[in-house]
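First up is the structure itself, then whatever we jot down about it.
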There are 4 protein chains.
Amino acid sequence: MNAPLRGVVPPLAVPLKNQEIDVPSLERNLNRMIEAGIHGIFVLGSTGEVAFSTAQRRGEVLEHTMRIVNGRIPVIAGVIDTETSRVIEHIRQAESYGVDGVVATAPFYALQGMAEVERHFRLLHEATDLPIWAYDIPVCVHTKLPPQLLVQLGKEGVLAGVKDSSGDDVSFRFLVRMNEEAGHPLQLLTGHEVVVDGAYLSGADGSVPGLGNVDPHGYVRQWDAYQRGDWEAVRAEQDRLADLMTIVMVHGVQGFGAGVGAFKTALMLMGEFESNEMPEPVQALTGENVEWVRKVLLKTGMLN
Amino acid sequence: MNAPLRGVVPPLAVPLKNQEIDVPSLERNLNRMIEAGIHGIFVLGSTGEVAFSTAQRRGEVLEHTMRIVNGRIPVIAGVIDTETSRVIEHIRQAESYGVDGVVATAPFYALQGMAEVERHFRLLHEATDLPIWAYDIPVCVHTKLPPQLLVQLGKEGVLAGVKDSSGDDVSFRFLVRMNEEAGHPLQLLTGHEVVVDGAYLSGADGSVPGLGNVDPHGYVRQWDAYQRGDWEAVRAEQDRLADLMTIVMVHGVQGFGAGVGAFKTALMLMGEFESNEMPEPVQALTGENVEWVRKVLLKTGMLN
Amino acid sequence: MNAPLRGVVPPLAVPLKNQEIDVPSLERNLNRMIEAGIHGIFVLGSTGEVAFSTAQRRGEVLEHTMRIVNGRIPVIAGVIDTETSRVIEHIRQAESYGVDGVVATAPFYALQGMAEVERHFRLLHEATDLPIWAYDIPVCVHTKLPPQLLVQLGKEGVLAGVKDSSGDDVSFRFLVRMNEEAGHPLQLLTGHEVVVDGAYLSGADGSVPGLGNVDPHGYVRQWDAYQRGDWEAVRAEQDRLADLMTIVMVHGVQGFGAGVGAFKTALMLMGEFESNEMPEPVQALTGENVEWVRKVLLKTGMLN
Amino acid sequence: MNAPLRGVVPPLAVPLKNQEIDVPSLERNLNRMIEAGIHGIFVLGSTGEVAFSTAQRRGEVLEHTMRIVNGRIPVIAGVIDTETSRVIEHIRQAESYGVDGVVATAPFYALQGMAEVERHFRLLHEATDLPIWAYDIPVCVHTKLPPQLLVQLGKEGVLAGVKDSSGDDVSFRFLVRMNEEAGHPLQLLTGHEVVVDGAYLSGADGSVPGLGNVDPHGYVRQWDAYQRGDWEAVRAEQDRLADLMTIVMVHGVQGFGAGVGAFKTALMLMGEFESNEMPEPVQALTGENVEWVRKVLLKTGMLN
């Protein structure tokens, strides 16, 4: 990555067929997203089923993505795993496919303090020349990355940026302000697709919207409006995207199964994915939940 | 309240002297806030030491506030307590002082489900003709109020509004959208002084900034900019207020002692409060923490 | 209290009729418990609806209890409230009824650190000559009291004992060991009625079983077996009481409504209480949940 | 495993030297534990650094352990990872080394509901003939396994047992009672080394004490006392072991670094391990923390 990563960088959702990657669907939708004008793609994130992916599956995702993207946009790859040594293995793999950057969370499963978190990121940086994005996602790893630590690591060149999925917009504002005061060493992306407008107003450099798999055009239009300072257009687009996001308000299913499950179901109903299959042990949405997604798509103009 | 409550409605901080209300300081700063143009005042909130206040203290706060305000702006009062019957006692007291509305949280201490939370608000409404604001503050009461329930209670006239201190900007956006679709029955105020701009962009009807005790002019200027659609001014004001909010980043003190402690210390340094005394068992900020507050005030132009 | 409080000290459940205390039922069951041999009674605890009780209701509970008990066993009273000044008001009230000790939690609602918790207990001790029991109940107050602090306050005479409802048996074992090493300044009671045997094996001085309202004889038999070192009898009694405790495994109701709701329902079915009415906004168990309680009572020999 | 696994089954701690396994130390201490009379060994648990171990490291641990144990006691292996497909890979690896059983947690990182947890264990069972132990460790995976589900899976032959590190002794008692009523399909082991006596009183079939790496003889003596019904000996041994466990009460280090860090430090001071090195990014205990461990070892007679 010669230039900093800015703009709309969706986390790639992975279509499945009998628990294998459905490559034609992957290619179709990724091309649609690139043609819509997204500025980068983030593979093997939470949306991208990283937690469900063996080393082989990670390799397949990387291989197909690099081939399809073919240099049109930067590709950053999740190297998410429990502890440092395992994350470094994923970095090696990602390097071998020629990605433009990697995204790592704080360690998880084994309980630790902030000194270990800091050392973790430093060790990752020693292990690679690739730019590293810290992925702040306490709902998954149960550690909140403090703005002070992030900016310090940015100033030292350990981190290139942050993907903020912390759900803490107050902390994000402080992060932006501290980063600004430090000369903007970190590229700051928000992962909250429902309030990207507020993040842009806070000073975010871009967004990583899972919903961008479904409506990349909306997020690109919103970014363009932000670039020209048309805040009323930014918020109006966000209102529409927030309404679209209600596809995840399904019944009897929680978390990943509801969120990514709804994205895949929408893409199936829109004809981009062949099915809404989910990785085991998660089950695809069915019945009234599929109808709910369809209803929201119709209401928001994504389906006719 | 004949008209809906909109705009800047700070939660009143209470100056103390030997654990009694310092009335001259209270009067001085409340008048300063009103003259700055705030649109209402919220007494006996978390900032207003409601959890530390006996019935007598609650009465004193109400009496002094009503006398000083003297009808210039609406007054809404926290009636926060563990369960329904105790909250109704506080409502009776607040009614007796002629407040314009009351603010109640979900029940806390005894563990319950959402059916009890809903019934709680319905029973409060049966007990009073005053407009009721639901106070969504899971960090204190450990229950998040779901947008669907809030809008339903709004449509039925049980609730007049919501003070959102949930720290969940995604949920707040959904709340705004559902409220809009229902015809805007609820007045929606954000309690997060660091990201008021994002809340306005989301569609908030106003804000309840604790930091508004320190810099009411800033929040009023921000509101005015919002009213005329000048988003660059809204965000620039917010950036400055976010920088000012770093007064709370003190060492060795947490939560209420840090937050309200820093507000009171700032007001002392600015000459509005005589001291930064805190209610027992909380101790006032001292030493390097006071110097930190002073440093931030100087840097942000609140002190010369 | 001239002698230390040891043995079985149930938290008194309060029968209601049209939201008022059902005095004949209260008297009937309290006498049954005393005649069964309980060693003390704890009024206005979580089970005793303290969070639902106005000052007047607290007074009524204290008055009826002191009259009925009439010196036969020690009475300790919950003085639970959000912060120090309010707790001291409850201490004054409890003192006026002649109770033998008071039980206070860490402050709650306003977020604080451990320095404030420590100062809170010290201020309570300065305010009264009554022995004070710290009530460690993080599920309600969201602060875990550290064993080191508790033993320190015990050594200084600030605390007389601890009622442990922390759900943390590892911490409780450490507390017992530290207390032993310090010369046993604290009387340690467990609040977990399902594993009283393990707490006795750990070295607890007694128990505060909510289920003791339903089966006081069982807990007294268990205590007697403990006193004579008959551990097989202690565990066998506990197994039976654990089976009885499954009355709380009702459907669609959580927390207080399930737990105290099941106790009241059992007492109603056993003819001790006239109804299983709960304090607003909690609703009494009905239908299949009542049948579930009946089924467990039949299976465990509490009903024929 | 022809017979059910009962008794003392410590989770093997792994000595390191320059981030590689220190095989002589591993062999020395594992032989000491077997000679002390432990009834099985659990490799690649939380104590066994599973979260820090690449596939290669997992293989090394399995290979060395199987060679050293050489059939003297059963070996069960942690196959802990984020989701089903990755866990099945670890099962394949463990099978290839001839282990006697595997231990799996609920899925983690990706948020899910209980339906996915249940399906996860069913899929693991379909994938292997080895007995499967469910590892209930919410502090790491943030899901509590409900007793009802565990017993149901036991009755169906999906699970062979449970390693309970839930910290919830009430739930464990209910699990024991439900398992008993179902005919004891599950072997139930407690992971809480400080309250093993209470777990035995509750009806546990054995224990998995991390501290058993340091003092295997104590836990074996305790088990023998339990087998002959000498509860006073069981509790006295536990009191001593609880005092020994205070080695983990170090300063400035949390969680894994404090717990396993203290175990390794004790083994170093006792001459069993060559160093107390920890896996990156965790640092070994140093200075006053080492002295603290030494002081406790001296006080409890583990060092002279």
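Points worth noting:
- Dipole in debye (nearest 20) - the protein assembly as shown, about Cα centre, beta carbon charges: Lys, Arg +1; Asp, Glu -1: 0
- Cα-centred dipole magnitude for the stretch A:7-243, charges only on beta-carbon of K, R (+1) and D, E (-1), debye, nearest 20: 220
- Shielding by partners - mean other protein chain Cβ count within 10 Å, residues of D:100-112: 5
- Solvent-accessible area per residue in the stretch A:181-261 equals 27 Å², computed with a 1.4 angstrom probe and all protein chains kept.
- Accessible surface buried once C binds D (1.4 Å probe; total of both sides; Å²): 2700
- Label 7 Å beyond Cα on the Cβ vector: D:Arg228 copy-to-copy distances, nm: 2.4, 8.9, 9.1
- Other residues lying with their Cβ under 13 Å from the Cβ of D:Tyr226 contribute a combined charge of -2, Lys and Arg counting +1, Asp and Glu -1.
- Taking the charge dipole of chain D about its Cα centre, with +1 at Lys and Arg Cβ atoms and -1 at Asp and Glu Cβ atoms, the residue from D:Ser171, D:Gln152, D:Val141 reaching farthest to the positive side is D:Ser171.
- Taking all protein chains together and rolling a 1.4 Å probe, D:Arg6 ends up with roughly 100 Å² accessible.
- FRET efficiency for B:Ala233 and A:Asn31, using Cβ-Cβ distance with R0 set to 51 Å, rounded to 0.05: 0.80
- Residue-level accessible surface for B:His251, protein heavy atoms, 1.4 Å, Å²: 130
- Beta bridges by DSSP in the stretch D:7-243, antiparallel share as percent, to the nearest 5: 10
- Comment: the Cα-to-Cβ extended label point of D:Val139, at 7 Å, lies 1.9, 2.6, 2.6 nm from its counterparts in the other copies, nearest first.
- Counting only DSSP beta bridges with both residues in the protein assembly as shown, the antiparallel share comes to about 10 percent.
- Under 16 Å from the C:Asp129 label point (7 Å along Cα→beta-carbon), backbone N, the stretch C:64-92: C:92
- Where chain D is carried onto chain B by rotation, the Cβ closest to that axis, with its residue and distance in Å, is D:Gly252, 8.
- Euclidean distance of C-alpha centroids, the stretch C:263-298 and the stretch B:136-207, integer Å: 37
- 11 Å beta-carbon shell around A:Lys17, net charge (K/R +1, D/E -1): -4
- The same position A:Glu95 in the other copies lies at 3.4, 7.2, 7.3 nm from this copy, comparing label points 7 Å beyond Cα toward the beta-carbon, shortest first.
- Cross-link partners of A:Lys155 among lysines, defined as those whose alpha carbon lies under 17 angstrom from its own and excluding same-chain residues fewer than eight positions apart: A:Lys163.
- Of D:Gly198, D:Gly183, D:Gly101, the one that fluctuates the most in a GNM where chain D has Cα springs shorter than 10 Å: D:Gly183
- For B:Trp133, the solvent-accessible surface with a 1.4 Å probe is about 10 Å², rounded to the nearest 10.
- Those residues of the stretch A:236-271 whose amide nitrogen sits under 16 Å from the label point placed on B:Glu181, 7 Å along Cα→Cβ: A:238-251
- Using the rule -39500 (n - 2.57) for each DSSP H run of four or more residues, divided by the residues of chain D, the 222 nm mean residue ellipticity is -14500 deg cm²/dmol.
- Shielded by partner chains, the stretch A:152-176 residues - at least 20 Å² of accessible area, 1.4 Å probe, vs chain alone: A:Gly167, A:Asp169, A:Val170, A:Arg173, A:Phe174
- Among A:Val79, A:Val250, A:Val103: highest mean-square fluctuation, GNM of chain A, C-alpha pairs under 10 Å: A:Val250
- Ligands, DNA and RNA left out, the 1.4 Å accessible surface of the stretch B:1-153 is 50% carbon and sulfur atoms.
- Just checking the listed ones, D:Ile34, D:Ile247, D:Ile132: in the Gaussian network model of chain D with Cα springs under 10 Å, the one fluctuating most is D:Ile34.
- Entries of C:Lys17/C:Lys295; C:Lys144/D:Lys295; B:Lys17/B:Lys264; A:Lys144/C:Lys144; B:Lys264/B:Lys295 with Cα pairs more than 19 Å apart: C:Lys17/C:Lys295; C:Lys144/D:Lys295; A:Lys144/C:Lys144
- Cβ-derived FRET efficiency at R0 45 Å, D:Val139 paired with D:Glu274, nearest 0.05: 0.90
- Only one residue of A:Val87, A:Val50, A:Leu186 has its Cα farthest out toward the positive end of the dipole of chain A, where Lys and Arg carry +1 and Asp and Glu -1 on Cβ, and that residue is A:Leu186.
The values are calculated or read from the model by the stated rules, or taken from the named source; none is laboratory data. Please read these numbers as outputs of a predicted model, since none were measured by experiment. Reconstructed Cβ throughout: ideal geometry from the backbone, glycine too, with neighbour counts over all protein chains shown. The protein model used for the area step is the full one, side chains on, heavy atoms only, and it has no ligands, DNA or RNA in it. Shrake-Rupley method; radii C 1.70, N 1.55, O 1.52, S 1.80 Å.
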